[in-house]
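Please find one structure pasted underneath; my questions will follow.
The values are calculated or read from the model by the stated rules, or taken from the named source; none is laboratory data. Predicted, not measured: the structure shown is a model, and the values here were computed from it. Please note: Cβ atoms are built from the backbone with ideal geometry, for glycine as well, and neighbour counts cover all protein chains shown. Calculation scope for accessible area: heavy atoms of the full protein, side chains included, ligands and nucleic acids excluded. Shrake-Rupley method; radii C 1.70, N 1.55, O 1.52, S 1.80 Å.
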Amino acid sequence: MEDLGAYVADVGARNADAIDRAAEAVVRTARAGGLVRPTGAGHSLAAVLETFFRAGGLAGVRPIWHPRVLPFSGARSATTAEREPGLGAATAAEAAIEARDTVVVFSNSGVNPFPVEVAQAAVAVGATVVAVTSRAAGAAAPPRAGQRLVDVADVVIDTAVPAGDATWPPEAPVTAPVSSLATTTVWTLLLRRVHDLAPDAPRWRSANVAGNDDVNAALVARFAAQVPEL
């Protein structure tokens, strides 16, 4: 992969319909008083951070996560935890997902138990599940959860990240992963589409711009009961 700009453009173009459907689900959730529930494990948690409590981001967002899948708590043990059967199901049960919610599962391969179990639990309660994943990476990875994420989700956004998540040098790639670039692109495009559909959706403002503290304080008061992490 030599042209990162072309890759990003292709991710958006190939997923235009799926991003539209995901945005529509987010808007339905907001209008129903539900929450967007992003989740991921390992480095997919970088995508979850993009969704939560950031300038320009949606306010009605509550992540689903477990400290054991965070690499800073132990890089190797985080990989082990992501593969551990039952941890995703238990985390999802504690998260109390509702039918009106939209659960966005970020997982490059979509084969490990943690993301798959969260998606399964969300489907079981009637929530909409959006998978942001790579079909190519998933097809190349050993299935560890009985199902793949792409087989569980209502909407699949395919990032087309190559197996192994390395893109440089092109003839024998060993470095320059693009999964984080892809997921950030997808989420940014989704936020644009949500704005087109619901310009008045509650959004955080930058705390470093004068006059925004009062706006954000009002949003905290509005969502604190639903999002205790605030």
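Please work out which one of (1) surrounded by fewer than 12 Cβ atoms within 10 Å (Cβ to Cβ); (2) in a loop (DSSP other than H, G, I, E, B); (3) not aliphatic (A, V, I, L, M) is the condition GLN226 fails and give its number.
For GLN226, the exception is condition (1).
Still on this structure, please answer the following. So which of ALA93, ALA81 ends up being part of a helix (DSSP H, G or I), modelled with pLDDT of 95 or more and among the hydrophobic types (A, V, I, L, M, F, W, C)? Steps first, please.
On the way: ALA81 fails: modelled with pLDDT of 95 or more.
Only one candidate passes the filter, namely ALA93.
Determine if segment 112-121 includes at least one residue that is aliphatic (A, V, I, L, M) and either out of contact with any strand residue (DSSP E or B) (no Cβ under 9 Å at 6 or more places or on another chain) or in a strand (DSSP E or B) (or both).
No, every residue in segment 112-121 fails to be aliphatic (A, V, I, L, M) and either out of contact with any strand residue (DSSP E or B) (no Cβ under 9 Å at 6 or more places or on another chain) or in a strand (DSSP E or B) (or both).
While we're looking at this one, here's another question. Tally the residues that are within 14 Å of VAL26 (Cβ to Cβ) and not basic (Lys, Arg), restricting the search to segment 177-199.
Residues meeting the conditions: 12.
Okay, moving on. Would you please list the contacts, defined by Cβ atoms under 7 Å and residues six or more apart or on different chains, that run from a residue in segment 69-97 that is at negative phi to a residue that is part of a loop (DSSP other than H, G, I, E, B) and open to solvent by 60 Å² or more (accessible area, probe 1.4 Å)?
ARG83/ARG144; ILE97/VAL125
Please list, ordered by first then second residue, the pairs with beta carbon atoms under 7 Å, 6 or more apart or interchain, first in segment 1-29 and over 13 Å from VAL156 (Cα atoms), second open to solvent by less than 60 Å² (accessible area, probe 1.4 Å) and of a type in the set (Phe, Trp, Tyr).
Cβ pairs passing all conditions: MET1/TYR7.
Test ASP101 against the criterion of being under 17 Å from the mean Cα position of the chain (by Cα), of a type in the set (D, E, K, R) and open to solvent by less than 30 Å² (accessible area, probe 1.4 Å), and give yes or no.
yes
Considering only segment 49-65, I want to know if a residue exists there that is in a helix (DSSP H, G or I), open to solvent by 10 Å² or more (accessible area, probe 1.4 Å) and touching a helix residue (DSSP H, G or I) at 6+ places or on another chain (Cβ under 9 Å). Don't jump to the end; show me each part of the working.
Residues of segment 49-65 in a helix (DSSP H, G or I): 49-51.
Among the residues that remain, those that are also open to solvent by 10 Å² or more (accessible area, probe 1.4 Å) are: 49-50.
Add one more test, that the residue is touching a helix residue (DSSP H, G or I) at 6+ places or on another chain (Cβ under 9 Å), and what stays is 50.
Yes - at least one qualifying residue is present in segment 49-65.
Under 8 Å by Cβ, and 6 or more places apart or on different chains, what pairs join a residue from segment 152-178 that is farther than 29 Å from VAL123 by Cα and aromatic (Phe, Trp, Tyr) with one that is at pLDDT below 95 and not in a strand (DSSP E or B)?
From segment 152-178, the pairs are TRP168/MET1.
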